[in-house]
Each structure stands twice: as C-alpha cells, then as structure tokens.
1. Answer yes or no as to whether residue 264 is more than 19 Å from the chain's Cα centre (by Cα) and exposed (fewer than 14 other Cβ atoms within 10 Å of the Cβ).
2. Taking residue 250, is it closer than 22 Å to residue 175 by Cα and either modelled with pLDDT of 95 or more or assigned by TED's automatic domain parsing to the domain that holds residue 91 (or both)?
3. Quick check: anything in segment 67-79 touching a Cys at 6+ places or on another chain (Cβ under 6 Å) and surrounded by fewer than 16 Cβ atoms within 10 Å (Cβ to Cβ)?
4. Just for segment 121-155: of the residues that are among the hydrophobic types (A, V, I, L, M, F, W, C) and touching a Pro at 6+ places or on another chain (Cβ under 7 Å), which one is surrounded by the most Cβ atoms within 10 Å (Cβ to Cβ)?
5. Can you pull out every residue in segment 111-158 that is of a type in the set (Phe, Trp, Tyr) and more than 24 Å from residue 57 (Cβ to Cβ)?
6. Sort through 355, 360 and tell me the only one that's in contact (Cβ under 8 Å) with a residue 40 or more places away in the chain, out of contact with any His (no Cβ under 9 Å at 6 or more places or on another chain) and under 30 Å from residue 123 (Cα atoms).
7. Taking residue 185 as the residue in question, decide whether it is touching a residue at least 24 places away in the same chain (Cβ under 8 Å) and farther than 30 Å from residue 114 by Cβ.
8. Could you please give the count of residues in segment 156-171 that are of a type outside the set (Phe, Trp, Tyr) and buried (at least 21 other Cβ atoms within 10 Å of the Cβ)?
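The values are calculated or read from the model by the stated rules, or taken from the named source; none is laboratory data. What you see is a predicted model; the values in this text were computed from it and never measured. All Cβ positions, glycine included, derive from the backbone under ideal geometry; neighbour counts span all protein chains shown.
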Amino acid sequence: MCAQSIRVEKIGTRDRFEDYARLPFEIYSGRDAWWPPDIHNEIDLLAGRASIAAHLDLCPFCVWRDGKLVARVSAVVNYRYNEHWHEKLGQLIHFEALPGEDEAAVALLEEAVNWLAQRGMKAARSGFAAFLDYPYAIDNYAELPSFLLRGNPDCYHRYFKNAQFLTEKGQVDYTAALTPPILERYHQMIEAARQSGAEIRSWREHGYLAAIDVWTDVTNSAFSRHWGWNPVSREEVRPMLLPLAGTLVADLSIIAVLDGNPVGAVFSVPDLSGMLAKVRLGMRLKPERGGGTRGALINIGVLEPARSRGIARAMAARSFETMAQHRMRYAGYTLVLDDNWPSRRTAESLGARVTSNFVTYRRDF
C-alpha cells in the first residue's frame, strides 16, 4: 500500500523481523528508564516458533515513510480465545509508532484491520491478550511503568482514535507502601486465613514445578469468565516459569490450600528493574517505581467455591510480607480491570492505592 511517501508491508524475513523487534529502541531510547523487548522471543513469535504460535494466525506489518521504519503491529487471530468466548475477535499486538506519524500509524492500523476482516473477524482489540499484549498507559508517561506494562507515548491514543477505535476497557495499577503498620495488618490477614483452615505456602514450600501447574490450573478456572482471558496449557507455561525457580519468584509467589486441595494462586516477581530495564547512567528511579525497592504481584486467582474467605488477601499479604523481608519498600498489585470491584477491594484492603491507569482499544467492523 502506498500513500504519498508511506508504504505498509507484511513482513516475513529474518531481517525484517529484526527491524520490527528493534523499533522500540528508537522510540524509547531517549527516556531515562524503559523496559526493552525480548528481541529473541519476539522474533520467535513472528516466525511461528513460539509454543503459543500453534493457536494463532499471525501477520506482522511494518510501515515506512521515505524508507524509514516508523511503526509496526501484528494482526492476530487467536483461535483458542475465539473458541473459549465464541467470538470472532481479532487482536492487534506489539503496536509501536514514532511520535508525529499520525498518517502512517492510521494507514498501518487500517491495513491490519483489513487483514483481520478478510479472515472473518468482526472486531479488533489492541491492548490486552493473554501472554501477548498489554494495555496502553494514559498517565505517568515519563515514569518507568510496572514490570510487563507499557510506557507508551501519549500520541498512541490519537493514533487509535483516528483509526476509528474506541476505548473498550480501563485498567488500574496499584502500589502499596510496605510500612510497619501495613505489615502488621498483613500478619493478621495471614493468621485469619490459617485459623479458618487455609494453608498459605510459597511456591518453594509447595514444590516449584507442582506450583507452576497449580497456578496454571487455578488461573484457568478462576479466570474462565474474566474479560480478555483465554485458557493456557501447562506445556506452554512451564518453559516460561521454570527458569525462575532459583529466584525470589519462588518465595514471593503463593499457593493457598484448603482441605489438602489448592484453591488459590499468586504469581509475583521481585524488583526486576536493575536486571531488565534500561536506565540512563546516573538516573535514580523513584523507590515506588523500581531501583530494587518495588516488587509486583502480577496475577492472583481463587477458585469460586473458596472465595469470600479472605484467601486472596492472605495470599497477597504473604507475598508482600516476603517482599518487605527482602528489603523491598513497595509492592505493586497489577493489573486490575476498572470494574473488577472484588479485586479492587482486595487491593485497597492491602493498603494499596491506584498509581497508574491504562486502556484497551476496540474497533467493530
């Protein structure tokens, strides 16, 4: 497709995949701190080598202006998602674009939407797909976002709106300060759950490999009707989480057991900013943002029969308590849908407050 100096192309070679995966470095390298992509894993996904690719029909697009790559996106038909929800929803993942590229970004999104429509999809979503995509920031643009979350430029919202997308869902990221009074509250939450018969264990205590499988099974069940989620398999989760067995993930992630049966699971990570974020030399991150002082609870789920017994609070409290024992001063509670009031109430009971906001976009055809 050509429009003036704009050229949109489907890509399919190793060199083009490399260009695609490296575009974020041009967009974000001027920032004081940002999370770079895993280029190797991204290329494996584009090339169809990732285990999740078996469930996808994926087509990556790039757009050039005057020979310069200025934006990218991948159009995806996620068969597993559509079978689970009985929908015909396409997804646009990995969207990135340079500032000031309104025309190119809209042309790119239009081409990707057309590709989805040709495959029978009735709508496109961008900004939420299990293990594939995360929502778009609508505040704190100059700050390092929580691990896994976007810190996109503010112009992305204009790009999507000009491409006829609307805001489908809002999400919030919470942060709790791990102060002595809050930690005492956590201790009480954990004890209350134990007195009601629940065992609150770390993944290390439960057995790390067994805990991975518990997390997969509990999450699939607890999230079965959670907006945006689709089931995942043990076979694809194990390779992602097994390499973390020797890290603090094993101590911060939690399993809840009732009557000998797992009923809840939490996946949490320590502060990874020192290991994975790109931080400008001499730059000191705010302690509530990183720099070794902010852990994050990424996912929490409780089976329906075990809900309303304080188990979610107790698991999160145990995770946050362990973060404090390892000198983390803040804990993230990430990511919660605006209208998921049970999870939002859990976050607030833990002393957490909303610190960042995100959105997911949709376009019906």
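1. Details: more than 19 Å from the chain's Cα centre (by Cα): yes; exposed (fewer than 14 other Cβ atoms within 10 Å of the Cβ): no.
When the stated conditions are applied, residue 264 does not pass them.
2. On the way: closer than 22 Å to residue 175 by Cα: yes; either modelled with pLDDT of 95 or more or assigned by TED's automatic domain parsing to the domain that holds residue 91 (or both): yes.
Yes, satisfied.
3. Initially, segment 67-79 is screened for residues touching a Cys at 6+ places or on another chain (Cβ under 6 Å), giving 69, 72, 75.
From what's left, surrounded by fewer than 16 Cβ atoms within 10 Å (Cβ to Cβ): none.
Looking for residues that are touching a Cys at 6+ places or on another chain (Cβ under 6 Å) and surrounded by fewer than 16 Cβ atoms within 10 Å (Cβ to Cβ), one finds none in segment 67-79, hence no.
4. Kept after step one, since they are among the hydrophobic types (A, V, I, L, M, F, W, C), are these residues of segment 121-155: 121, 123-124, 128-132, 137-138, 142, 144, 147-149, 155.
Of the ones still in play, those that are also touching a Pro at 6+ places or on another chain (Cβ under 7 Å) are 128, 137, 155.
Numbers: 128: 25, 137: 23, 155: 16.
Restricting to residues being among the hydrophobic types (A, V, I, L, M, F, W, C) and touching a Pro at 6+ places or on another chain (Cβ under 7 Å), the top hit is 128.
5. As a first pass, look at segment 111-158 and keep what is of a type in the set (Phe, Trp, Tyr): 115, 128, 131, 134, 136, 141, 147, 156.
141, 147, 156, listed by residue number.
6. Numbers: 355 fails: under 30 Å from residue 123 (Cα atoms).
Answer to the selection: 360.
7. Values: touching a residue at least 24 places away in the same chain (Cβ under 8 Å): yes; farther than 30 Å from residue 114 by Cβ: yes.
When the stated conditions are applied, residue 185 passes them.
8. First, the residues of segment 156-171 that are of a type outside the set (Phe, Trp, Tyr): 157-158, 161-164, 166-171.
Remaining after also requiring buried (at least 21 other Cβ atoms within 10 Å of the Cβ): 163, 171.
Residues meeting the conditions: 2.
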